[in-house]
Every structure is written in structure tokens, then in C-alpha cells.
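Just below is one structure, and these are the notes that go with it.
The values are calculated or read from the model by the stated rules, or taken from the named source; none is laboratory data. Because the structure is predicted, anything quoted here is derived from the model rather than measured. Don't worry about glycine lacking a Cβ; one is built from the backbone with ideal geometry, like all the others, and counts go over all protein chains shown.
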Amino acid sequence: MDTVTSLIELVGNTPLVQLERFSAGVAPTILAKVEYLNPGGSVKDRIGLAMVTAAERDGLLQAGGTIVEPTSGNTGVGLAMVAAQRGYRCVFVMPDKVSSEKIDLLRAYGAEVVVCPTSVEPADPRSYYRTADRLTDEIAGAFQPNQYANPANPAAHEATTGPELWKQTDGRVDVFVAGVGTGGTISGVGRYLKAQNPDVTIVGADPQGSIYSGDDVHPYLVEGVGEDFWPDTFDASLVDRYVRVSDRDSFRAARELAHGEGILVGGSCGTAAHAARVVAADMPADAVIVVLLPDSGRGYLSKLYNDDWMAANGFLDRRGGDTRLATVVAAKRAHLPAIVHMHPDETVRQAIAILHEFDVSQMPVVRRDTLDSRDDVIGSIHERGLLERVYRDAGVLDAPVSDVMSAPLPMVNSRDTVASVMAWFSAEWQAVLVCEGPLPIGVLTRSDVLDYLVLPG
């Protein structure tokens with residue numbers, strides 16, 4: 001039987017994926033090291049395993065002991081996974097900017113979570129760093145791996161991530177791009193790659209507001225990357241260049257990876273991916289750029305993958321092409337029925353009356369009284385087409401709608417964007433039927449979209 005004794009045996013050896021669509025506007029090849037395919041869902045599985053193993057070896061963590069760690073989430077999962085397998089208690093201290101999904105995830109592993117304010121100095125007793133220190137002192141048998149100072153952090157990447165990249169690229173990597181949080185990943189990988197080829201360029205992707213790439217240190221929303229102090233685990237001498245990335249560019253790049261490549265990643269991955277594309281713009285076509293994507297986007301569904309959250313924080317234009325069709329449907333005039341429609345046995349005269357009553361120019365034809373499924377839609381009626389038929393033959397007014405109806409309106413998903421639906425608004429199609437799964441929820445016309453885009457609301 002092909003088995004492993006525990007999931008921690010599967011840490012590492014993550015794939016390298018070419019980002020064809022994401023890099024379409026630049027000449028070099030951009031390859032992504034997809035770290036969310038570690039069993040715990042992030043690159044931090046590597047250091048979680050390494051730090052616990054080193055602590056056991058050095059006698060710092062005894063059987064039945066407690067692991068206390070300040071974390072934005074992913075390191076906690078890596079530690080919690082190893083702790084569950086080896087029988088340790090976990091207490092994690094987190095900044096309040098992390099998503100609720102991350103807190104719930106750590107608790108799902110059986111860990112205890114303490115949440116602290118982000119907007120305080122690292123030395124403040126309320127900070128998540130100092131709170132973790134206090135708990136380590138107070139809890140008997142507690143050990144703090146301290147990913148910010150633990151040499152096992154960069155050593156894990158020098159021993160595993162770096163060699164994997166070198167082997168996967170057959171030694172052809174020209175640039176390595178990674179976000180800088182604790183600095184362990186970029187330091188460990190950078191040290192290994194430069195030992196193989198000193199000409200490899202190491203690029204730090206850094207949020208605007210982080211200390212690494214500028215003096216203007218201030219809060220930012222992207223999680224798990226950047227810092228407001230210099231960790232011991234970071235060897236800044238290995239970094240050849242920094243690319244400073246805004247929250248907006250980070251989140252939008254992450255969403256682009258999800259929509260264009262099918263790779264659902266977190267905001268810090270967007271930081272690194274955006275930086276990789278910036279670097280690629282200055283490189284020759286034969287360059288190979290590797291970007292490390294640290295974690296999955298599943299922990300950020302309430303934030304960067306939530307349109308309302310993105311718009312509320314100024315990262316998504318509510319009146320632009322990124323707007324979901326469900327939002328436009330909801331903004332239509334309140335006095336209209338959800339979907340004005342006809343039945344095939346009703347007359348053309350009745351259809352014209354309904355078009356005038358509700359001041360609409362087209363509507364679907366459905367097979368029965370209730371519209372419970374997109375399969376109920378069998379055709380459509382258009383004011384322009386009816387005018388031509390009635391002009392040629394007034395007798396058509398008493399004909400059933402089934403005799404004059406057109407093909408059903410194009411059906412689109414409510415999660416599609418305004419930009420995606422514009423192609424349907426050709427000379428032939430003046431409207432689309434918006435569906436939420438199998439259920440039609442509204443008709444959108446050119447006028448509806450135009451009103452939404454230009455009118456206040």
C-alpha cells in the first residue's frame with residue numbers, strides 16, 4: 001500500500017506552475033511555486049515542522065508541552081498540524097487585522113487563540129509579540145518557536161525550498177521573488193540559490209507601509225507580509241531589489257490569479273505576483289522568474305474575495321467593469337417585478353401591454369406561471385421585433401406569443417462582471433438574463449447597465 005504515517009511527511013515538494021495568462025503582458029517566463037499545496041495550506045508548514053523538530057532535538061520542547069506563537073495565521077496552522085500529531089497544546093496570539101476564517105481555522109485544529117490590536121508599537125505590552133512573550137512566561141512548560149528569530153526558519157528553506165526550485169528549473173532560474181515577512185523564506189532560498197549561481201537576482205516584494213522598503217512605516221491591510229521591525233531571521237544582504245506594492249495592487253493581483261489562472265491565493269501572494277510582473281517588464285524574453293505564492297485564498301473569502309469589502313476599502317470600483325451583475329440587478333428600480341415575463345399562450349397584444357406597463361423593451365417567455373429554473377425559459381419578446389411584425393400584419397396582435405417569440409436571452413451568472421457581459425450587448429442582443437446558479441434573478445438591459453454606471457446611488 002502507498003501510504004504515509006502522517007500528513008507532515010508530505011510537507012514540501014510543491015509544484016512550479018507557469019503563469020501564462022497573468023504574464024501575458026510581459027516577455028519573460030513567470031513560474032509560481034504554489035505553496036498552498038502543502039498539507040496545512042501554506043509555505044509555513046515547512047518552518048512549523050522544522051522549528052518543532054529543532055526544539056525537540058535541543059530539549060526546548062518536552063512531551064505534553066505548550067507551543068505559544070505570535071502569528072498572522074499560517075505559521076500557526078503549520079505548528080498546529082505538527083502539534084496535533086505529536087501531542088502538544090497550542091496557544092496562538094494574532095493581530096486583529098487577520099480574517100475571521102484564520103482564527104476559526106486555528107481553533108478547528110484545537111488551538112487557543114488570543115487576538116491583540118495591530119495599531120500599537122511592537123514594544124507595547126498589548127502587541128501580539130509582547131502578549132506572546134508574557135504567555136510563554138506564564139504557562140508552565142511553554143515554548144515559543146519565535147519564527148522571527150528562530151534559525152530553523154531560514155534553514156528550512158535553504159534545505160528544502162531552494163533545492164526544489166533549483167531542481168525544478170534545471171538551474172535556469174534568473175530571478176526569485178518573494179514577500180518578506182519574517183524574512184525566513186527569502187533568506188533561506190536566496191542563500192541557496194546564490195550559492196549555486198551568484199548572478200541570481202533576489203527580489204523582495206514588500207507592502208507599502210512595511211519597514212523593509214521604505215521609511216514611511218504605517219498600517220496596511222495585506223496580511224502575513226512586511227514588518228514594522230527587522231527580524232533576526234532576515235538576512236537583508238541577500239536581497240538585490242525591493243518592489244513596493246500597494247494593498248490595492250496586492251489584492252487585485254491575487255484576484256487576477258484566481259480568475260485567470262484558477263489559482264486561489266491570499267493577498268501576500270498578490271503582493272509577490274505583482275512584484276514579479278513589475279520585475280519581468282525590465283527583463284529579456286528568455287529570463288525565468290520564479291515567484292513564491294505562500295498560501296491559499298480560502299482564508300480570505302470575507303475580505304479580498306468579497307466585492308463589498310473590496311469596494312468599501314477603495315480597492316474595487318462599484319461603478320466599474322469589476323462590478324458583479326448581481327449588484328447591478330439589485331440596484332434596478334424597486335417597483336419592477338424581479339423578472340417581467342410572458343407565457344407562450346398569451347397574445348402579442350397582451351405582450352405589448354405588459355411591455356408598456358412596466359416600461360421595458362424585452363422580456364423572457366416562460367413555460368409556466370412560476371420561474372423556478374433557467375430551463376423554464378423558452379424564448380424572448382423584443383419591442384423592436386414586435387413593431388416590425390405588427391407593422392407588416394396587424395392581425396398578429398391576436399396571435400399567441402409562441403408564434404412570434406425569439407430565442408431566449410443570453411443567460412449569464414450573477415457573479416460575472418459588467419465587463420464580461422458587454423460582449424453580449426451587440427446589435428442582436430439588447431439584454432441578458434442573470435441567473436444565480438439555476439435560478440433566474442433578473443433581466444439586465446443596456447440601459448440598466450448604463451444607468452448603474454453613470455447615475456448616483
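Could you identify the single residue in D206, D235 that is modelled with pLDDT of 95 or more and either outside the structural domain of V17 (by TED's automatic domain parsing) or within 20 Å of Y129 (Cβ to Cβ) (or both)?
On the way: D235 fails: either outside the structural domain of V17 (by TED's automatic domain parsing) or within 20 Å of Y129 (Cβ to Cβ) (or both).
Sole residue among the options that is modelled with pLDDT of 95 or more and either outside the structural domain of V17 (by TED's automatic domain parsing) or within 20 Å of Y129 (Cβ to Cβ) (or both): D206.
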Q: Answer yes if at least one residue in region 206-229 is outside any loop (DSSP other than H, G, I, E, B), touching a Ser or Thr at 6+ places or on another chain (Cβ under 8 Å) and not hydrophobic (A, V, I, L, M, F, W, C), and no otherwise.
A: yes
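Give the residue, chosen from V91, V113, V120, that is in a strand (DSSP E or B), farther than 19 Å from L301 by Cβ and not assigned by TED's automatic domain parsing to the domain that holds V217. I'd like the intermediate steps shown before the answer.
Numbers: V113 fails: farther than 19 Å from L301 by Cβ; V120 fails: in a strand (DSSP E or B).
The unique qualifying residue is V91.
Here is a check on your reading of the model: is V173 among the β-branched types (V, I, T) and under 30 Å from L31 (Cα atoms)?
Judged against the criteria, V173 is a match.
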Conditions (1) more than 30 Å from the chain's Cα centre (by Cα); (2) at pLDDT 95 or above; (3) within 25 Å of S268 (Cα to Cα) -> A123 fails only (2)
Kindly indicate whether R191 is in a loop (DSSP other than H, G, I, E, B), farther than 21 Å from C269 by Cβ and of a type in the set (K, R). no
All-but-one check, P95 against (1) in contact with a strand residue (DSSP E or B) (Cβ under 7 Å, 6 or more places away or on another chain); (2) free of Cβ contacts under 8 Å to residues at least 24 places away in the same chain, failing number (2)
Considering residues that are over 25 Å from N306 (Cβ atoms) and touching a Gly at 6+ places or on another chain (Cβ under 7 Å), the number found within region 405-431 is 4
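Conditions tested, residue by residue: (1) buried (at least 24 other Cβ atoms within 10 Å of the Cβ); (2) under 21 Å from V189 (Cα atoms); (3) not assigned by TED's automatic domain parsing to the domain that holds G162.
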{"residue": "N13", "(1), (2), (3)": "no, yes, no"}
{"residue": "L16", "(1), (2), (3)": "no, yes, no"}
{"residue": "E20", "(1), (2), (3)": "no, no, no"}
{"residue": "S23", "(1), (2), (3)": "no, no, no"}
{"residue": "A27", "(1), (2), (3)": "no, no, no"}
{"residue": "A32", "(1), (2), (3)": "yes, yes, no"}
{"residue": "Y36", "(1), (2), (3)": "no, yes, no"}
{"residue": "M51", "(1), (2), (3)": "yes, yes, yes"}
Reported set for region 368-412 where residues are charged (D, E, K, R), surrounded by 15 or more Cβ atoms within 10 Å (Cβ to Cβ) and either touching a helix residue (DSSP H, G or I) at 6+ places or on another chain (Cβ under 9 Å) or not assigned by TED's automatic domain parsing to the domain that holds A338 (or both) is E383, R389
Apart from one, (1) touching a Gly at 6+ places or on another chain (Cβ under 9 Å); (2) buried (at least 20 other Cβ atoms within 10 Å of the Cβ) all hold for V68; the odd one out is (1)
Condition set buried (at least 16 other Cβ atoms within 10 Å of the Cβ) and touching a residue at least 24 places away in the same chain (Cβ under 8 Å), scope region 114-138, selection nearest to L60 (Cα to Cα): answer is T136
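Quick grid of which residues meet (1) over 10 Å from the mean Cα position of the chain (by Cα); (2) among the charged types (D, E, K, R):
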| site | (1), (2) |
| --- | --- |
| D206 | yes, yes |
| V225 | yes, no |
| D232 | yes, yes |
| A253 | no, no |
| H274 | yes, no |
| G299 | no, no |
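Can you tell me which of L316, L304, L292, L238 is within 25 Å of N13 (Cβ to Cβ), buried (at least 18 other Cβ atoms within 10 Å of the Cβ) and under 16 Å from the mean Cα position of the chain (by Cα)?
Working: L316 fails: within 25 Å of N13 (Cβ to Cβ); L304 fails: within 25 Å of N13 (Cβ to Cβ); L238 fails: under 16 Å from the mean Cα position of the chain (by Cα).
Answer to the check: L292.
Has region 148-164 got any residue that is β-branched (V, I, T) and at pLDDT 95 or above?
Within region 148-164, the first condition is being β-branched (V, I, T), and the residues that meet it are 160-161.
Subsequent filtering for residues that are at pLDDT 95 or above retains 160-161.
Checked against the condition, which is being β-branched (V, I, T) and at pLDDT 95 or above, region 148-164 yields at least one hit.
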Taking region 400-432 and keeping residues within 32 Å of the chain's Cα centre (by Cα) and of a type in the set (D, E, K, R) leaves R415, D416
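Among the residues of region 251-279, write down those that are outside any helix (DSSP H, G or I) and buried (at least 24 other Cβ atoms within 10 Å of the Cβ).
Pass one, region 251-279, residues outside any helix (DSSP H, G or I): 262-266.
Correct list: V265, G266.
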Scanning region 329-350 residue by residue, those surrounded by fewer than 12 Cβ atoms within 10 Å (Cβ to Cβ) and either modelled with pLDDT of 80 or more or outside the structural domain of L386 (by TED's automatic domain parsing) (or both) turn out to be D345
For region 95-110 the number of residues that are in a loop (DSSP other than H, G, I, E, B) and either hydroxyl-bearing (S, T, Y) or in the same structural domain as R298 (by TED's automatic domain parsing) (or both) is 2
If we keep only residues of region 34-79 that are assigned to a helix (DSSP H, G or I), free of Cβ contacts under 8 Å to residues at least 40 places away in the same chain and aliphatic (A, V, I, L, M), then the residue nearest to V177 (Cα to Cα) is L37
Across region 166-217, the tally of residues that are under 20 Å from H274 (Cα atoms) and touching a strand residue (DSSP E or B) at 6+ places or on another chain (Cβ under 7 Å) stands at 24
Scanning region 1-49 residue by residue, those within 15 Å of V175 (Cα to Cα) and over 23 Å from the mean Cα position of the chain (by Cα) turn out to be A27, P28
